[in-house]
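Trainee: I have a structure I would like to understand better, so I am pasting it below and will then ask my questions one at a time.
Read the figures in this text as sums done on the coordinates, not as results from a lab. Note that the coordinates shown come from a computational prediction; the quantities given were computed from them, not determined experimentally. Because the Cβ atoms are built from the backbone with ideal geometry, glycine has one as well, and the counts that use them run over all protein chains shown.
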Amino acid sequence: MQKPTQVRLLPALIAGLLLWLYAGTLFHLVLQWWRDPNFSHGFFVPLFSAFVLWQERDRLRMLTPRPSWSGLLVLGCGLCVLIVGRLGAELFLARFSLLLVLAGLIVLFRGWRFFRAVFFPWAFLILMIPIPTILFNQITLPLQLLTSRVAAEILPLLNVPVLREGNIIQLPGKSLEVAEACSGIHSLISLFTLAIIYGYLMETRRWVRWLLVLAAVPIAIAANSVRIIGTGLLVQYWDPAKAEGFYHLSWGWIIFVISLSLLYALHTAVRFLWPPQAEKIAGPSSAAQQPPAPSLQSKVIAAPPLSIARVVLATLLLASATVYLQRHDLGEVFASRQTLDQFPMQFGDWSGFDEPIPDDVRIVLGPGDFLQRGYNSAADPQPQIDLFIAYVPSQRAGDTIHSPQNCIPGAGWSLVELTRITLSLPAHDPFLANRYIITKGGERVVIIYWYYAHGRGVASEYLSKYYLVNDSINLHRSDGALIRFTTPLAPGETASEAEARILPLARSVAPLLDTYIPR
């Protein structure tokens, strides 16, 4: 029989190993909650999960523990995900692995029935983890464009003339962006989280809870449309400069109040149309509930003694992962390179000139080295070719390369054609690149771009992410770049003809890339 001291020390040992293993991951997660307004709701997520567990504490005590060795497999999978995430510079995997590890420990020591009973507070913890940028932009950008479209339709009804280009609304006094380029609607994820909390606390019917959660998307669109409409009215009828300051400083709280009010109004309407019947509270885990007992205290089931074998194996797995990461996570390697401000201005007949990158765009691009330059050919009277290079020296902290596929619609351009082409450039093996034809206001532009890292060019953003993980594990490097050539299409000119105009400059640039973007 285990002594009381052993009963206290064994869980403390596992908790200590978990803290040691995830200290850095949790620190950077909390830091992102503090700095990123998109995910500031993360502070409340674990608190709410803890509240749900505390509220369900009596019911959980009544469940018969049935420890399962299959939890050891879940624990092992979670630790493997952690290793891949840590060594492969993938923050989401490293953070999500904590939930898998917790699930494995619950199943190992309490069983699958207990895990089903705590599934809701466990699953809710996912909302505290910022989703990968590669997915975040693709989810929120369409909503961002819809928000600007709604605002652009309503403002003229209020005698405010507007011109919308993507997520940019041109007013007589200034231009407004629904959000910064390539970003999403700030309140969407937070409102989604708020809707779940509100539904759990204020409603007992499951279908109403689901309705409130699904309503978070249209409410976010409506609230952000109110934000743009209100700012447009201030610009038109008050002071553009003061409206800009008010737009950035005060609207965040106003949007929160508007969103909460709309959520409450929807709930009130549902309760009026379909009044709740007298019924017992159906919690999120009600499938695992047992019939109420006449005397709760007499029915509480004591937890079985901790199995030494389970504790030892769980400890060995956690300790092995810790040792492995300590030995292999040797820090990041930064290869020597020349900065892009030293990139040549002259390539044969091609002469270049720098084009400044606006400050707001630089903020969105994040840390890195960037080049925006136009080139003209003395031998060719055709329009200039713009070259843009974005080099990110480290992507381990979540700083990633922004995809043109997300930024182009946000700037008001419409996609006409997307084609994959094969480029054969000097000093490089043939690789696939993207060729876009985009249009805005009667202007047509051809864009050729690809992702480039360690001498390898790829067209797919997802394949680039795969190579990032692979190179970070094997090379201890997470740097990468985006190479983009842009030229306008002349009337009657085809995309193939514009591509033929770009290729001579691309062939001149290609042999120098490894000097500025190291292999």
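Trainee: Considering the options ILE357, ASN406, LEU371, tell which one lies farthest towards the positive end of the dipole of region 340-437, charges being +1 on Lys and Arg and -1 on Asp and Glu at the Cβ, about the Cα centre.
Mentor: Most positive-ward Cα: ASN406.
Trainee: Roughly how large, in nm² to one decimal, is the mean projection of the convex hull of the alpha-carbon atoms in region 340-516?
Mentor: Values: hull surface 41.1 nm².
The directionally averaged projection comes out at 10.3 nm².
Trainee: Explain nothing, just the number: dipole magnitude of region 340-516 about its Cα centre with +1 on each Lys and Arg Cβ and -1 on each Asp and Glu Cβ, in debye rounded to the nearest 20. Mind showing how you got there, number by number?
Mentor: Working: 13 positive and 20 negative charges, 87 e Å.
Computed about the Cα centre, the dipole is about 420 debye.
Trainee: When ranked by the protection proxy of mean other Cβ atoms within 10 Å per residue, highest first, what sequence do the peptides 436-448, 490-502 form?
Mentor: Values: 436-448: 16.8, 490-502: 14.5.
Those peptides, ordered most packed to least, come out 436-448, 490-502.
Trainee: What list of ³J(HN,Hα) values in whole Hz, one per residue of region 254-269 in order, does the Karplus curve 6.51 cos²θ - 1.76 cosθ + 1.60 (θ = phi - 60°) give from phi, with Gly and Pro shown as x?
Mentor: 5, 4, 4, 5, 4, 4, 5, 5, 5, 4, 5, 5, 4, 5, 4, 5
Trainee: When you count, for each residue, the other Cβ atoms within 10 Å and take the mean per peptide, how do 21-28, 73-80, 387-394 rank with the highest first? Numbers along the way, then the final one.
Mentor: On the way: 21-28: 15.1, 73-80: 18.4, 387-394: 20.2.
So the peptides 21-28, 73-80, 387-394, ranked by packing, come out 387-394, 73-80, 21-28.
Trainee: Sticking with this structure for a sec: I need the peptides 449-459, 363-373, 190-200, 264-274 ranked by packing, meaning the mean over residues of other C-beta atoms within 10 angstrom, with the highest value on top.
Mentor: Values: 449-459: 20.0, 363-373: 16.8, 190-200: 21.5, 264-274: 12.6.
Sorting 449-459, 363-373, 190-200, 264-274 by mean packing, highest first, produces 190-200, 449-459, 363-373, 264-274.
Trainee: Which value in Å is the Kirkwood Rh of region 9-141 over different Cα pairs?
Mentor: For region 9-141, the Kirkwood estimate is 15.9 Å.
Trainee: Once you charge only the Cβ atoms, +1 for Lys and Arg and -1 for Asp and Glu, what is the size of the charge dipole of region 439-519 about its Cα centre, to the nearest 20 debye?
Mentor: Numbers: 9 positive and 8 negative charges, 23 e Å.
Dipole of region 439-519, to the nearest 20 debye: 120 debye.
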